[in-house]
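Structure record follows, encoded as structure tokens.
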Amino acid sequence: MRFDVLTLFPELFAPFMASGVTRRAYESKQVEVVLWNPRDFAQGNYKRVDDRPFGGGPGMVMMAEPLSACLDAALAARGSLAPVVLFSPIGEALRHEAVERWSASEGAVLVCGRYEGIDQRFIDTRVTHQISLGDFVLSGGEIPAMALLDAVARLQPGVLGDEASHVQDSFNPSLDGLLDCPHYTRPEQWNGQGVPAPLLSGHHVQIERWRRDQRLAITAARRPDLIDAARAGGRLSKADEAALKKKL
Ligand code: 9WO
């Protein structure tokens, strides 16, 4: 798949794409990332991409025209229509299900805003999807764009060292919509703290029951809505219900 990223700071993406388990996905172009700078599509000697807001107020606004010309070039290079995604706090909250859909898609054009915001006329006419990572404000859309790329890249076949690793993620449907359990590694004693006994038992059934109970307890404590959804979806067994009852 291919993602075209419109950003005034393309240099932010190189170290991100050169690091970690997802590097192979970018290098092999399994997830192709093409960077575009709206400044290259700005007019005049000053290559302005921002201007003062009509109505006054602090800060600057990204002009529609350089963004639109940049988007035209990206879409032309792709050769076919593509979703145009803007990262914004007023977008739809990103969840695992949408990440799975993007990771099985042809990709998209990702628009990273800067300054106080983007001329609304560009958003109204050119943007097809708005995505939020949560109820907070950043100084630019680049980190949300990298977050989507990372979430998509790690779901590509062969990207994770252990092919089964992402099957165990929180929010993976095969985990029945429960949160992940705690993890431990060596040493067995650290700062006076041990490791839960079932994990040292070597008994696979006992280990899996402990992990499932941990997932249930953590989910019940932190995201009771997910317990309700799992129960409504018939994804909790009698043993699960017994474990929940014991802890509540
Ligand atoms: C910022 C903003 C704040 C309140 C209500 C609506 C808003 N829209 C934007 C916006 O589109 N801002 C642009 C992108 C330009 C300024 C930096 N931008 C941005 C994106 N800041 N924070 C985000 C963001 C994106 C996704 N999830 C969380 C925050």
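Say each of residue 245 and residue 24 gets a label point 7 Å from the Cα, pointing the same way as Cα to Cβ; how far apart are those two points in nm?
In this crude label model, residue 245 to residue 24 measures out at 4.6 nm.
In whole percent, how big is the carbon plus sulfur part of the accessible area of the chain, probe 1.4 Å, protein atoms only? Could the numbers behind the result be given before it?
Details: 7800 of 14390 Å².
About 54 percent, which is the carbon plus sulfur part of the accessible surface.
Pick from 132, 28, 68: which residue has the top mean-square fluctuation in a GNM of the chain where Cα pairs under 10 Å get a spring?
28
For segment 66-137, which trypsin sites (Lys or Arg not before Pro) pass both filters: DSSP loop (anything but H, G, I, E, B) and at most 13 other C-beta atoms within 10 Å?
Working: sites: 78, 95, 101, 114, 121, 126; in loops: 95, 114.
Here the sparse-neighbourhood loop sites are 95.
Which FRET efficiency value, to the nearest 0.05, do you get for residue 206 and residue 128 by plugging their Cβ-Cβ distance into 1/(1 + (r/R0)^6) with R0 = 41 Å? Working shown, then result.
Values: r = 50 Å, r/R0 = 1.21.
It comes to 0.25.
So what is the orientation-averaged projected area of the chain, using the convex hull of its C-alpha atoms, in nm²? Display every interim value, and only then the final one.
Details: hull surface 73.5 nm².
Its average projected convex-hull area is 18.4 nm².
Return one number: the angle in degrees, 0 to 90 and rounded to the nearest 10, between the long axis of the Cα atoms of helix 204-222 and the longest principal axis of the Cα atoms of the chain.
60 degrees
So what is the 222 nm mean residue ellipticity for the chain from helices alone, if each DSSP H run of at least 4 adds -39500 (n - 2.57) and you divide by all residues, rounding to the nearest 500 deg cm²/dmol?
Taken over the chain, the calculation gives -11000 deg cm²/dmol.
What number, in percent, do you get for the relative contact order of the chain if the mean sequence gap of Cα pairs under 8 Å and at least 6 apart is divided by its residue count? Please report the intermediate quantities before stating the final value.
Details: 342 pairs, mean separation 43.8, N = 248.
This gives 18 percent for the chain.
To the nearest 20 Debye, how big is the dipole of the chain about its Cα centre, given +1 on the beta carbon of each Lys and Arg and -1 on that of each Asp and Glu? Before the final figure, lay out each step's value.
Values: 28 positive and 31 negative charges, 133 e Å.
That gives the chain a dipole magnitude of about 640 debye.
Any idea of residue 112's accessible area? Nearest 10 Å², probe 1.4 Å.
Surface accessible to solvent at residue 112 totals approximately 0 Å².
For segment 79-177, run through the chymotrypsin sites (Phe, Trp or Tyr not before Pro) and keep only the ones in DSSP coil with at most 12 other Cβ atoms within 10 Å of their Cβ. Can you show the working numbers first?
Details: sites: 87, 102, 115, 122, 136, 171; in loops: 115, 136, 171.
Qualifying residues, ordered by number: 136.
Using a Cα-Cα cut-off of under 13 Å, which aspartates and glutamates could be cross-linked to residue 247, ignoring same-chain neighbours fewer than 8 residues away?
In chain and number order, the partners are 213.
Antiparallel as a % of all DSSP beta bridges within the chain, to the nearest 5?
On the way: 3 of 23 bridges.
Around 15 percent antiparallel, to the nearest 5.
Would you please calculate the Kirkwood hydrodynamic radius of segment 170-247 over all C-alpha pairs and express it in Å, rounded to one decimal?
Values: mean 1/r = 0.0743 Å⁻¹.
Taking the inverse mean of 1/r over all distinct Cα pairs, segment 170-247 comes out at 13.5 Å.
Which GluC sites (Glu not before Pro) does segment 101-194 hold that lie in a coil by DSSP with at most 11 other beta carbons within 10 Å? Intermediate results must be reported in sequence, preceding the final value.
Numbers: sites: 106, 116, 142, 163, 188; in loops: 106, 116, 163, 188.
When the GluC sites (Glu not before Pro) of segment 101-194 are filtered for loop state and at most 11 Cβ neighbours within 10 Å, 163, 188 remain.
When ligands, DNA and RNA are left out and all protein chains stay put, how many square angstrom of accessible area per residue does the chain have with a 1.4 Å probe?
Numbers: 14390 Å² over 248 residues.
The answer is 58 Å² per residue.
The values are calculated or read from the model by the stated rules, or taken from the named source; none is laboratory data. Only a predicted model underlies this, so the values are computations on that prediction, with no experimental measurement involved. Methodologically, a virtual Cβ is constructed for each residue, glycine included, from the backbone with ideal geometry; neighbour enumeration extends over all protein chains shown. Ligands, DNA and RNA are stripped out before the accessible areas are found, and what is left, the full protein with its side chains, is counted by its heavy atoms. Shrake-Rupley method; radii C 1.70, N 1.55, O 1.52, S 1.80 Å.
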